[in-house]
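Chemist: Shown below is the structure under consideration.
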Amino acid sequence: MHLTLRALISHGRVARRMGLGPESRINMLRNILTGLVRHERIETTRARADEVRFYAEKLIDYAKKGDTNEKSMKMADFWLTEKDLIPKLFKVLASRFENQSSGYTRMARLPNRENLDRAAMAVIEYKGNPFPPLFPVKKENELNLVNQLLKGYREERAQLTGFQD
Amino acid sequence: MPLSGFIRFFRHSLQRLESSLVHAAGFDRSLGPALAVHGPSLLPQPQHIGDHNSMPSFLDSIFWMAAPKKRRTIEVNRCRRRNPNKLIEVKTNIEPCPECGNLKQKHALCGFCYEKVQKETALIRKQIQKMEGRPLNAPSVETVVLYENEAPGDADKNKRIVERSRKRPSWFNL
């Protein structure tokens with residue numbers, strides 16, 4: 001093809017090159033997206049998780065338009081290779097995210113894979129899935145010395161303000 | 001290109017070697033069946049004009065090969081081997097996980113804590129597989145996981161309930 005500067009310089013290009021070509025990349029992402037919609041939590045390489053995030057959120061945006069929408073149904077039909085997930089997408093995932101405008105997915109990086117390739121892995125999930133949380137919820141232990149002292153201080157302050165009033 | 005110079009040099013040297021061997025053995029083609037003359041077996045051969053035409057490139061001598069002139073001293077060797085760009089970089093992005101105390105990278109999840117979560121999700125998925133029966137049978141309702149001695153609440157009314165026969169783990173509180 002004509003070797004333009006546009007072909008050589010890739011400033012601002014957001015889509016990564018994956019697989020054997022653009023068609024192969026879309027097919028790969030379609031498989032990963034189908035798996036994500038089925039299992040709601042997926043472990044892949046970092047690059048693939050990052051790429052699929054965009055498509056996952058766009059799919060939810062299309063699903064929110066409702067299943068009577070012609071374009072939405074075509075998109076869901078193309079992107080989900082396992083057709084029993086189409087009702088799940090429109091009924092479960094669209095209603096789960098109806099109050100949110102964006103940010104339906106969460107991606108976290110994992111330690112490198114244990115194989116010889118030591119690939120950089122990531123886990124990507126839809127928010128609100130039924131599985132245990134990836135990030136542990138921080139619990140404040142009230143029985144610490146510092147926390148007990150602070151509690152006592154707050155109570156004294158409340159007593160003093162009570163006397164002044 | 002030095003490569004073509006080398007090829008030319010080797011070809012010339014092989015030709016010269018061959019011709020000198022032929023002279024020494026006395027099998028010179030130019031001496032055919034003629035009058036046997038008692039003389040030296042090595043007769044002066046007419047020089048090939050081709051040799052004068054080609055530029056005497058500096059690569060034609062076999063003595064032009066790179067070799068170290070002096071032994072590298074241990075001081076010089078140490079300077080090269082211990083240069084910062086050859087040393088392994090020190091990583092400052094490793095810290096202990098606040099939950100389990102294993103080491104983890106700052107930008108990544110803790111491997112040990114994720115291992116726990118992974119095992120539990122695998123067991124939940126096995127239970128889901130059993131409930132679904134055949135493949136490609138995903139229901140169009142939400143799922144909720146309940147452990148032992150847990151009753152479904154108001155929010156779990158229209159959801160598929162996945163039972164796990166163990167006590168709820170402390171790190172699974174939602």
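Readers should treat all values here as calculations from the given coordinates under stated rules, not as data from a laboratory. All of these numbers come straight from a predicted model, not from anything done at the bench. Methodologically, a virtual Cβ is constructed for each residue, glycine included, from the backbone with ideal geometry; neighbour enumeration extends over all protein chains shown.
Chemist: All but one of (1) in a loop (DSSP other than H, G, I, E, B); (2) in contact with a helix residue (DSSP H, G or I) (Cβ under 6 Å, 6 or more places away or on another chain); (3) at the interface with chain B (Cβ under 9 Å from one of its Cβ atoms) hold for residue A:81, so report the exception by its number.
Modeler: For residue A:81, the failing item is (3).
Chemist: Filter region A:77-103 down to residues that are touching a Leu at 6+ places or on another chain (Cβ under 6 Å) and of a type outside the set (Phe, Trp, Tyr) and give me whichever is nearest to residue A:35 (Cα to Cα). Reasoning before the result, please.
Modeler: Of the residues in region A:77-103, the ones touching a Leu at 6+ places or on another chain (Cβ under 6 Å) are A:79, A:82, A:84, A:86.
Adding the requirement that they be of a type outside the set (Phe, Trp, Tyr) leaves A:82, A:84, A:86.
Numbers: A:82: 9, A:84: 12, A:86: 13 Å.
Result: A:82.
Chemist: Please go through region A:33-48 and give me each residue that is in a helix (DSSP H, G or I), in contact with a Leu (Cβ under 9 Å, 6 or more places away or on another chain) and closer than 20 Å to residue B:125 by Cβ, ordered by number.
Modeler: At the first step, the residues of region A:33-48 found to be in a helix (DSSP H, G or I) are A:33-39, A:46-48.
Still in the list and also in contact with a Leu (Cβ under 9 Å, 6 or more places away or on another chain): A:33-34, A:37-38, A:46, A:48.
If the condition is that a residue be in a helix (DSSP H, G or I), in contact with a Leu (Cβ under 9 Å, 6 or more places away or on another chain) and closer than 20 Å to residue B:125 by Cβ, then A:33, A:34, A:37, A:38 are the ones that fit.
Chemist: Please go through region B:90-105 and pick out each residue that is assigned to a loop (DSSP other than H, G, I, E, B) and either surrounded by 12 or more Cβ atoms within 10 Å (Cβ to Cβ) or over 28 Å from the mean Cα position of the chain (by Cα) (or both).
Modeler: B:97, B:98, B:99, B:100, B:101, B:102
Chemist: What are the residues in region B:140-162 that are assigned to a loop (DSSP other than H, G, I, E, B) and within 7 Å of chain A (Cβ to nearest Cβ), if any? Can you show your working first?
Modeler: First pass over region B:140-162, keeping only residues assigned to a loop (DSSP other than H, G, I, E, B): B:140-142, B:147-159.
B:140, B:141, B:142, listed by residue number.
Chemist: Considering every residue within region A:112-125, establish whether at least one is in a loop (DSSP other than H, G, I, E, B), in contact with a helix residue (DSSP H, G or I) (Cβ under 6 Å, 6 or more places away or on another chain), farther than 24 Å from residue A:26 by Cα and not charged (D, E, K, R). So that I can check it myself, show each step before the final result.
Modeler: Start the filter on region A:112-125 by keeping residues that are in a loop (DSSP other than H, G, I, E, B), which leaves A:112-120.
Subsequent filtering for residues that are in contact with a helix residue (DSSP H, G or I) (Cβ under 6 Å, 6 or more places away or on another chain) retains A:120.
Remaining after also requiring farther than 24 Å from residue A:26 by Cα: none.
Within region A:112-125, not a single residue is in a loop (DSSP other than H, G, I, E, B), in contact with a helix residue (DSSP H, G or I) (Cβ under 6 Å, 6 or more places away or on another chain), farther than 24 Å from residue A:26 by Cα and not charged (D, E, K, R).
Chemist: Out of everything in region A:97-133 that is free of Cβ contacts under 8 Å to residues at least 40 places away in the same chain and within 7 Å of chain B (Cβ to nearest Cβ), what residue ends up being surrounded by the most Cβ atoms within 10 Å (Cβ to Cβ)?
Modeler: A:132
Chemist: Report, by residue number, each residue of region B:122-170 that is acidic (Asp, Glu) and exposed (fewer than 10 other Cβ atoms within 10 Å of the Cβ).
Modeler: Step one: filter region B:122-170 for residues acidic (Asp, Glu), giving B:132, B:142, B:148, B:150, B:154, B:156, B:163.
The one that is acidic (Asp, Glu) and exposed (fewer than 10 other Cβ atoms within 10 Å of the Cβ): B:154.
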